[in-house]
Amino acid sequence: MLTIKTIAEMQAWAGASQRQGRRIALVPTMGYLHEGHLSLIRLARERADQLVVSLFVNPTQFAPNEDFDRYPRDEARDAALCEAENVDVLFQPPVDEMYAPGHAVYVDEDGVARTLEGAHRPGHFRGVLTVVAKLFLAVHPDVAVFGRKDAQQLWLLQKMVRDLNFPVAIAAGPTVREPDGLALSSRNAYLEGALREQALCLSRALREARRRFQEGERNAYLLRGAMLDIISAAPDARMDYIEIVDAETFAPVAVVNRPALALLAVRVGGTRLIDNMELSEGAAS
């Protein structure tokens, strides 16, 4: 596995690979890899000849009061995991390589990015879209793989690729969960003791919404209420939002009469977690 730390070297490697007719896949990550990341890496490996994993904790997607400084990091472990997965390149640029002094140009979206996660984390998606655009320009991938757990992020990245004509296919990997249902996240490392058990309120709430949907409930207000009841029963859980949106447009819906997503963000103790689940006739239980 080759480790690259500069954009110029990354672009040179990508150019050489493409001149040889090799297809490149990219999996962008902020490190502290878990099985969810590894599932995306394996999916990417199936889609291309060369596999690049980026490891970059992106400061522009964190608000000043968020956890950038304490975000979990273990670069040596991440590198070992990538090597075990036969990653060709670990792209690991420092912050001043990705954001040169005086950096002032950003990629933004003025609709869905202002809602849900964007409403609770102003500027978050501007940082996400900007860093992914910069990674695309550095790596020149043919395909980039992202997880469905960050559903709003995935929707916005697909829109960015479409609206800005990036020659990149977006592939989505399913949410990977612990056996008890908790969606894998690097921030799960913050959960200790009883908070780990209480964090299960997210997946329990989503499963309840899906159960009621499968039994015929289509009223989004009632489905949200069922989820809220479960979140409220956890003593250290505090809801940021619970919403049901159209899976294609990401607009909130009153009646679920086409494929939709139930989404929520909950603070369990001091840890903010997000999760989502599809509500549609063909969705797996």
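At a glance:
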quantity	calculated
Residue in the range 157-165 that is at pLDDT 95 or above, at positive phi, surrounded by fewer than 18 Cβ atoms within 10 Å (Cβ to Cβ) and not assigned by TED's automatic domain parsing to the domain that holds D69 present	no
Scope the range 158-170; condition in contact with a helix residue (DSSP H, G or I) (Cβ under 6 Å, 6 or more places away or on another chain), under 22 Å from E46 (Cβ atoms) and not aromatic (F, W, Y); matching residues	V168, I170
Filter result for E109 (within 27 Å of D74 (Cβ to Cβ), at pLDDT 95 or above and among the acidic types (D, E))	no
Selection within the range 145-188 - over 20 Å from H124 (Cβ atoms), in contact with a Pro (Cβ under 9 Å, 6 or more places away or on another chain) and not in a loop (DSSP other than H, G, I, E, B)	V145, A169
Scan of the range 55-99 for residues that are closer than 30 Å to A16 by Cβ and aliphatic (A, V, I, L, M), ordered by number	L55, V57, A76, A79, A80, L81, A84, V87, V89, L90, V95, M98
Total residues in the range 1-41, condition assigned to a helix (DSSP H, G or I), aliphatic (A, V, I, L, M) and over 14 Å from the mean Cα position of the chain (by Cα)	6
L43 out of contact with any Phe, Trp or Tyr (no Cβ under 6 Å at 6 or more places or on another chain), under 14 Å from L135 (Cβ atoms), surrounded by 18 or more Cβ atoms within 10 Å (Cβ to Cβ) and not β-branched (V, I, T)	no
Total residues in the range 226-285, condition within 24 Å of G173 (Cβ to Cβ), among the small types (G, A, S) and modelled with pLDDT of 95 or more	4
Matching residues, the range 9-30, being surrounded by 21 or more Cβ atoms within 10 Å (Cβ to Cβ) and in contact with a Lys or Arg (Cβ under 8 Å, 6 or more places away or on another chain)	A25
Enumeration of residues in the range 254-277 that are under 16 Å from L223 (Cα atoms) and crowded, with 19+ Cβ neighbours inside 10 Å	V256, A260, L261, A262, L263, L264, A265, D275, N276, M277
All positions within the range 237-280 that are out of contact with any helix residue (DSSP H, G or I) (no Cβ under 9 Å at 6 or more places or on another chain) and farther than 17 Å from L116 by Cβ	N257, R258, P259
Among (1) surrounded by 18 or more Cβ atoms within 10 Å (Cβ to Cβ); (2) in contact with a Leu (Cβ under 7 Å, 6 or more places away or on another chain), the one test that M98 misses	(2)
Any hit, the range 57-77, residues being farther than 30 Å from G269 by Cα and touching a strand residue (DSSP E or B) at 6+ places or on another chain (Cβ under 9 Å)	no
Residues of the range 218-236 that turn out to be touching a helix residue (DSSP H, G or I) at 6+ places or on another chain (Cβ under 6 Å) and either outside any helix (DSSP H, G or I) or not assigned by TED's automatic domain parsing to the domain that holds L264 (or both), as a count	2
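The values are calculated or read from the model by the stated rules, or taken from the named source; none is laboratory data. Note that the structure is a prediction, hence the values are computed from the model and not measured. Positions of Cβ are generated from backbone atoms using ideal geometry, with glycine treated the same way; all protein chains shown enter the neighbour counts.
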